[in-house]
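Undergrad: Before I ask anything, let me first share the structure, which is written out below as structure tokens.
The values are calculated or read from the model by the stated rules, or taken from the named source; none is laboratory data. Not measured: the values here are computed from a predicted model. Cβ sites come from the backbone with ideal geometry, for glycine too, and all protein chains shown count toward neighbours. Accessible surface areas use protein heavy atoms only, side chains included; no ligands, DNA or RNA. Shrake-Rupley method; radii C 1.70, N 1.55, O 1.52, S 1.80 Å.
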Amino acid sequence: MMNDILRDASGHLTISGMRADELAAQYGTPLYVYSGEGFVRSFTTFTKSLSEVDARVHYAVKANSAIGILSLLASCGAGADIVSGGEMRRALAAGIPADKIVFSGVGKTDDEIRAALGEGVGQINAESAAEIAHISAIANAMNLQAPVALRVNVNVDPGSHKKISTGQRSTKFGIPVEDGEAAHLYREICANPHIIPRGLAVHIGSQLRNLAPFEMAYQALLEIADSLRAEGLDVPILDLGGGLGIDYEGDSDPDFAAYGALVTRIFANRGYQLGFEPGRCIAADNGVLLVTNLYTKQGEDKRFIITDGAMNDLIRPTLYESYHRIEPVGPQQTATGIADIVGPVCETGDYLGTDRMMPDVPEGSCLAVMSAGAYGAVMMSNYNTRPEAAEIIIYQGQAHILRPRRTVDDLIALEDNPF
Ligand code: LLP
């Protein structure tokens, strides 16, 4: 296993060599802990798998947008895939050059488009004729040319959870290739003096564990790109999106090599510059959420391990029925029965895991929710007026705070009372 979150010789869970129980004692829980070495390794492994094609990797900021993490990835050469003006600010603050930023998303506001053009982002992935009209008008008013790629919808089912599938025609994403719609719009942007056509983009969904849908989507993309080129149009870049899935049930690595081989087989020597927007496969396995058992309660037919971590800290289990391994941070004990690992929030949907074979977990002891480095901290909320968990990163033998624990005072200070 490649990642840096491992058991030491005495069976204690460690993150980049530091013990989880000691970090929890020092920083408190709930606590997100990331491995800096892990992020670097995942990013470089992904990039190396694409060494036979002309690849630019734009890390999908939405997966984990801590500025410290963006900065670490920037030092490895990463660009950024962003979906809001806020993410652009983070990427720039982390030192990612504007020309290595790709702006994706179906609903960019005029202010966001203006800010992106003002900063000189490298590429805007447009998703509708209406959006292109706004980009063109804003570029005209700013007296510059907007670098635009079209995100196409190739009508491929990625076979992932329905809430994170974006490839089908029935979704809000992309411009359909069917009936020549995408080709027609591409011809229009090529003729538009306020736009520099950059190429085509595709992203069919997230957490794809099977490569076949990538193959279908990429072949379809290549077909339309080649036909536009045959008309004499300039199609410099093909942006292949993100989506490569991880192994939440076990601890095997994402199949970077197989993904790289597939991309190479389809695109090598075709004369396109390729863009990539990986998020989960860079971040997920390189973070854990540490929580403390507050109480154990015997229910009708199973135990409830009630922790200080809840759905507001990690919403994936209840939002997508997703599975995260949950393990005591201390040496592994034999399981004694079925348990739900739940939080204090007043909803039955507030769980981190259900029906797990668990050992006895003493009060006050710590559990690690595994593979929580992607779409964990970024999706936190303050439901039940629970301040956000802290985030720390271990790198080169040292723990660094990425984001201090919020306090209730912080939350209340953001509100006005008009009465
Ligand atoms: N590019 C675009 C245009 C995207 O919409 C996304 C993810 C990515 C790249 C990165 O995809 P990845 O490599 O991470 O699969 N919150 C959900 C995942 C939502 C993904 C949204 N878009 C979850 O927790 O599973």
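Undergrad: Along the charge dipole of the range 36-281, which of I266, S227, I82 sits closest to the positive end, that is, farthest toward it, with unit charges on the beta carbon of Lys, Arg, Asp and Glu (+1, +1, -1, -1)?
TA: I82
Undergrad: Please find the FRET efficiency linking A258 to T407, where r is the Cβ-Cβ separation and R0 is fixed at 35 Å, and quote it to the nearest 0.05.
TA: Values: r = 46 Å, r/R0 = 1.30.
The calculated FRET efficiency here is 0.15.
Undergrad: If each residue of separation counts as 0.36 nm, what is the full-extension length gain between C346 and E52 once their alpha-carbon separation is subtracted?
TA: Numbers: separation 294, 0.36 × 294 = 105.84 nm, distance 5.20 nm.
Working it through step by step, the gained length comes to 100.6 nm.
Undergrad: Follow-up question, since we're still on this one. Rounded to whole Å, give me the distance from the Cα center of the range 269-327 to that of the range 187-214.
TA: The distance from the Cα centre of the range 269-327 to that of the range 187-214 comes to 29 Å.
Undergrad: Based on the mean of other Cβ atoms within 10 Å per residue, sort peptides 19-25, 264-270, 108-114 so the most packed one is first. Working shown, then result.
TA: Values: 19-25: 18.1, 264-270: 14.7, 108-114: 16.6.
Put in order of decreasing packing, that is 19-25, 108-114, 264-270.
Undergrad: Turning to a different aspect of this structure: Within the range 36-281, how many lysine pairs that are 8 or more places apart, or on different chains, have C-alpha atoms less than 27 Å apart?
TA: 14
Undergrad: Express in nm, to one decimal, how much length is gained between T334 and R169 on full extension, taking 0.36 nm for each residue of separation and deducting their alpha carbon distance. Could the numbers behind the result be given before it?
TA: Values: separation 165, 0.36 × 165 = 59.40 nm, distance 4.81 nm.
Using 0.36 nm per residue and subtracting the Cα-Cα distance, I get 54.6 nm.
Undergrad: Okay, next question. So if I place +1 on the C-beta of Lys and Arg and -1 on the C-beta of Asp and Glu, and nothing else carries charge, what would the dipole magnitude of the range 161-315 be about its Cα centre? I want it in debye, nearest 20. Intermediate values should be presented prior to the final figure.
TA: Working: 14 positive and 21 negative charges, 37 e Å.
Magnitude of the dipole: close to 180 debye.
Undergrad: Please work out whether the chain counts as rounded, prolate or oblate from its C-alpha gyration tensor, where a ≥ b ≥ c are the square roots of the eigenvalues and a/c under 1.5 means rounded, while otherwise a/b larger than b/c means prolate and anything else oblate?
TA: On the way: a/c = 2.03, a/b = 1.74, b/c = 1.17.
Since a/c reaches 1.5 and a/b is larger than b/c, the shape of the chain is classed as prolate.
Undergrad: Let me ask you something else. Please compute the per residue accessible area over the chain with all protein chains in place, 1.4 Å probe, rounded to a whole number of Å². Don't skip to the end; give the middle numbers.
TA: On the way: 17480 Å² over 419 residues.
I get 42 Å² per residue for the chain.
Undergrad: Net charge near L144, counting Lys/Arg +1 and Asp/Glu -1 over other residues with Cβ under 12 Å of its Cβ? Working shown, then result.
TA: Details: positive: R114; negative: E119.
With Lys, Arg at +1 and Asp, Glu at -1, the neighbours total 0.
Undergrad: Hey, another quick one. Using a 10 Å cut-off on Cβ atoms, rank the peptides 62-70, 354-362, 90-98, 400-408 from the highest mean neighbour count down.
TA: Working: 62-70: 23.3, 354-362: 15.7, 90-98: 18.4, 400-408: 13.9.
So the order, starting with the most tightly packed, is 62-70, 90-98, 354-362, 400-408.
Undergrad: May I ask you to list, by number, the DSSP H helices of the chain whose Cα span along the axis is at least 15 Å and whose average Kyte-Doolittle hydropathy reaches -1.0 or more?
TA: Passing helices, by number: 36-48, 129-142, 181-191, 212-230, 256-267.
Undergrad: Please give the charge dipole size of the chain, origin at the Cα centre, charges +1 on K and R Cβ atoms and -1 on D and E Cβ atoms. Round to the nearest 20 debye. Before the final figure, lay out the partial values.
TA: On the way: 33 positive and 52 negative charges, 97 e Å.
The dipole of the chain has a size of about 460 debye.
Undergrad: Give me the mean projected area, in nm² to one decimal, of the convex hull enclosing the Cα positions of the range 345-410. Numbers along the way, then the final one.
TA: Working: hull surface 27.0 nm².
The orientation-averaged projected area of the Cα hull of the range 345-410 comes to 6.7 nm².
Undergrad: Report, to the nearest whole %, how much of the accessible area of the range 348-419 belongs to carbon and sulfur atoms, 1.4 Å probe, protein only. Walk me through the intermediate numbers first.
TA: Details: 2030 of 3970 Å².
The computed percentage sits at 51.
Undergrad: Can you give the relative contact order of the range 36-281 as a percent, counting alpha carbon pairs under 8 Å and 6+ residues apart? Kindly include the intermediate steps, with their values, before the conclusion.
TA: Values: 485 pairs, mean separation 52.0, N = 246.
Worked out over the range 36-281, it gives 21 percent.
Undergrad: Further question: So in the range 36-281, what percent of DSSP beta bridges are antiparallel if you round to the nearest 5?
TA: Values: 1 of 30 bridges.
Antiparallel: roughly 5 percent of the beta bridges in the range 36-281.
Undergrad: Under the 0.36 nm per residue contour assumption, what length would be gained going from the current alpha-carbon distance of E22 and A133 to full extension? Display every interim value, and only then the final one.
TA: Details: separation 111, 0.36 × 111 = 39.96 nm, distance 5.49 nm.
Separation in residues times 0.36 nm, less the Cα-Cα distance, equals 34.5 nm.
Undergrad: To the nearest 20 debye, what is the magnitude of the charge dipole of the range 36-281 about its Cα centre, counting +1 on the Cβ of each Lys and Arg and -1 on the Cβ of each Asp and Glu?
TA: Numbers: 21 positive and 29 negative charges, 66 e Å.
Here the size comes out at about 320 debye.
Undergrad: Take the Cβ-Cβ distance between R209 and R265 as r, set R0 to 30 Å, and report the resulting FRET efficiency rounded to the nearest 0.05.
TA: On the way: r = 19 Å, r/R0 = 0.65.
Between R209 and R265 the formula returns 0.95.
Undergrad: Which residues does the label zone of D226 cover in the range 239-280, counting backbone N under 13 Å from a point 7 Å along Cα→Cβ?
TA: 266-272
Undergrad: Roughly how large, in nm² to one decimal, is the mean projection of the convex hull of the alpha-carbon atoms in the range 36-281? Don't skip to the answer; put the middle values down first.
TA: Values: hull surface 49.0 nm².
Its Cα hull, projected and averaged over all orientations, spans 12.3 nm².
Undergrad: Starting from one equal scatterer on each C-alpha and no solvent at all, send me the Debye-based log10 I(q)/I(0) for the range 33-170 at q = 0.14, 0.18 Å⁻¹, two decimals.
TA: -0.73, -1.10
Undergrad: Given labels modelled 7 Å from the Cα in the Cβ direction, how far is it in nm from D179 to S365?
TA: 6.1
Undergrad: Here is a further query. Going highest first, how would you order 305-315, 252-262 by mean Cβ packing within 10 Å?
TA: Working: 305-315: 24.1, 252-262: 17.2.
For the peptides 305-315, 252-262, the packing ranking is 305-315, 252-262.
Undergrad: Between L414 and Q145, how many nm apart are label points set 7 Å from Cα along the C-beta direction?
TA: 4.2
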